[in-house]
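Engineer: Take this structure, written in structure tokens, and hold onto it; I'll ask about it next.
Readers should treat all values here as calculations from the given coordinates under stated rules, not as data from a laboratory. This structure is a prediction, so every number in the text was calculated from the model and none was measured. So basically every Cβ, Gly included, is an ideal-geometry build from the backbone, and we count neighbours across all protein chains shown.
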Amino acid sequence: MSRVLFILKRREDFNAKVHSHIGLSTGLYNSAKFMDDMLQDNNIESHLEIAIDNNCIDRLVNKHKPDYVIIEALWVVPQKFYVLQRLHPRVKWIIRLHSEMPFMAGEGMAMDWVAEYSNFKNIIIACNAPRMMREIRFFLQHKHQWDDKTADHKVIYLPNFYPQEYATKTFDRNKETIDIACFGAIRPLKNHLSQAFAAIEFAEQIGKKLRFHVNAGRIEMNGSPVINNLKGLFQQIYEHGHELVNHQWRPREEFLQLCAEMDIGMQCNFSETFNIVGADLISQGVPLVSNSAEIPWAIKRFCAKPVDTQDIIDKLHITYTSSKENVTEHQKSLTKYTTQTSKIWVKYFW
């Protein structure tokens with residue numbers, strides 16, 4: 001049985017007054033914590049640590065003596081592994097990618113770093129989505145002229161896990177307002193503006209005032225124009241009573257409480273691999289309209305094309321009238337997906 005150590009990098013905007021000792025509770029941290037807990041539940045020794053920078057890694061490895069170190073996302077400069085492999089020659093290093101290629105295109109060093117990682121004997125590239133795994137495998141197999149056996153060893157699939165803890169919620173259709181959440185970091189591929197347009201038109205059609213909830217506290221990857229356009233959209237139609245509600249990012253338990261206050265969640269995003277925010281909404285009994293082409297556990301009946309606001313509106317109507325079925329079917333699908341995830345991780349590290 002293997003000993004596993006997850007290492008994340010502390011956020012650049014860390015503030016000891018508002019963040020916990022491990023850093024702000026974000027999707028990346030939550031994702032790693034879910035896996036860490038799942039491995040422990042399956043009697044696999046696992047630990048999770050937050051590093052300030054590359055120079056913390058040696059100390060953390062000496063502390064836990066792992067067989068595998070999982071570096072969550074791209075933050076360790078490839079040159080650091082010349083030192084780390086000499087210090088810890090028996091450790092297998094896994095660089096775990098959390099994005100599909102459209103998002104990865106915004107990381108200016110991604111292809112260079114992935115290629116450089118692949119030169120090291122004890123480094124493995126892990127993807128949390130099959131499509132990304134196929135693309136990275138082709139890239140590296142073509143670069144190195146690996147045979148299939150080598151490629152299977154060097155590029156692996158380690159999907160996301162999510163705890164199967166679900167709440168129920170009664171949909172209140174008697175309110176004068178409807179609360180629709182489009183949570184997640186503000187960035188272009190999250191498609192906030194199209195979803196806001198659809199939500200406004202949907203609210204008009206059912207005769208309610210819209211409260212459109214976003215997380216404006218995290219603006220990433222040229223997301224400033226997105227939030228500016230969202231603000232402009234709602235300011236221009238303020239007399240109709242629709243409102244943009246901005247929430248700062250918050251610790252997980254508080255965020256789940258916020259999710260539970262919503263009527264409908266939206267995640268009709270352009271690019272995803274798992275979508276923890278959507279799972280958080282579903283876990284609190286909130287129905288979801290999303291994009292089944294990107295979210296592997298999403299139910300197609302309630303999914304829309306992200307470029308088609310009319311399709312999004314139609315799916316909002318279906319979800320509004322079939323909210324209970326939406327939640328039930330999504331929770332079953334999410335359970336099935338994460339059960340399979342658990343088997344994949346346990347098989348690899350047992």
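Engineer: For Lys80, go through the lysines and keep the ones whose alpha-carbon is under 17 Å away, minus same-chain ones fewer than eight residues off.
Structural biologist: Excluding near neighbours in sequence, the set is Lys9, Lys92, Lys121.
Engineer: Treating the angle as unsigned and between 0 and 90°, give the value, to the nearest 10°, between the Cα long axis of helix 323-349 and the longest Cα principal axis of the chain.
Structural biologist: In the chain, helix 323-349 runs at an angle near 0 degrees to the longest axis.
Engineer: A follow-up question, please. Find how many whole Å separate the alpha carbon centroid of the range 59-123 from the alpha carbon centroid of the range 128-156.
Structural biologist: 16
Engineer: To make sure I understand, if each residue's beta carbon is the centre and we count other beta carbons within 10 Å, what order do Met101, Met38, Met1 fall in, fewest to most? List each step's numbers first, then the result.
Structural biologist: Numbers: Met101 16, Met38 19, Met1 11.
Listing Met101, Met38, Met1 from fewest to most nearby Cβ atoms yields Met1, Met101, Met38.
Engineer: Remind me, relative contact order of the range 125-262 in percent, using alpha carbon pairs under 8 angstrom and six or more residues apart?
Structural biologist: 22
Engineer: Among Leu5, Pro296, Met262, which residue has its Cα furthest toward the positive end of the charge dipole of the chain, with +1 on Lys/Arg Cβ and -1 on Asp/Glu Cβ?
Structural biologist: So the residue furthest toward the plus end is Leu5.
Engineer: Shape call for the range 291-350 from the C-alpha gyration tensor, a ≥ b ≥ c root eigenvalues: rounded (a/c under 1.5), prolate (a/b greater than b/c) or oblate? Don't skip to the answer; put the middle values down first.
Structural biologist: Numbers: a/c = 6.47, a/b = 2.10, b/c = 3.08.
Since a/c reaches 1.5 but b/c is at least a/b, the shape of the range 291-350 is classed as oblate.
Engineer: Of Ile71, Ile312, how do they rank once you tally other Cβ atoms within 10 Å and put the fewest first?
Structural biologist: Values: Ile71 23, Ile312 26.
Ascending number of Cβ neighbours within 10 Å: Ile71, Ile312.
Engineer: With the Cα gyration tensor of the range 177-335 giving a ≥ b ≥ c as the square roots of its eigenvalues, does the rule (a/c under 1.5 for rounded; else a/b larger than b/c for prolate; else oblate) give rounded, prolate or oblate? Walk me through the intermediate numbers first.
Structural biologist: Working: a/c = 1.39, a/b = 1.18, b/c = 1.18.
Verdict is rounded for the range 177-335.
Engineer: Would you check the range 192-344 for Lys pairs whose C-alpha atoms are within less than 19 Å, ignoring same-chain pairs closer than 8 in sequence, and give me the count?
Structural biologist: Lysine pairs meeting both conditions in the range 192-344 amount to 12.
Engineer: Which value at 222 nm does the chain reach when only helices count, each DSSP H run of 4 or more adding -39,500 (n - 2.57), with the total divided by all residues and rounded to the nearest 500 deg cm²/dmol?
Structural biologist: Working: 13 runs with 149 residues, N = 350.
My calculation for the chain gives -13000 deg cm²/dmol from helical runs alone.
Engineer: Quick check on the exposure proxy: order Met132, Met35, Met109 from fewest to most C-beta atoms within 10 angstrom. All intermediate terms of the calculation are to be shown ahead of the outcome.
Structural biologist: On the way: Met132 22, Met35 26, Met109 11.
The order, fewest Cβ neighbours first, is Met109, Met132, Met35.
Engineer: Oh, and also: For the chain, what relative contact order do you get, as a whole percent, if you take Cα pairs closer than 8 Å and at least 6 residues apart? Walk me through the numbers on the way to the answer.
Structural biologist: Details: 613 pairs, mean separation 56.1, N = 350.
Answer for the chain is 16 percent.
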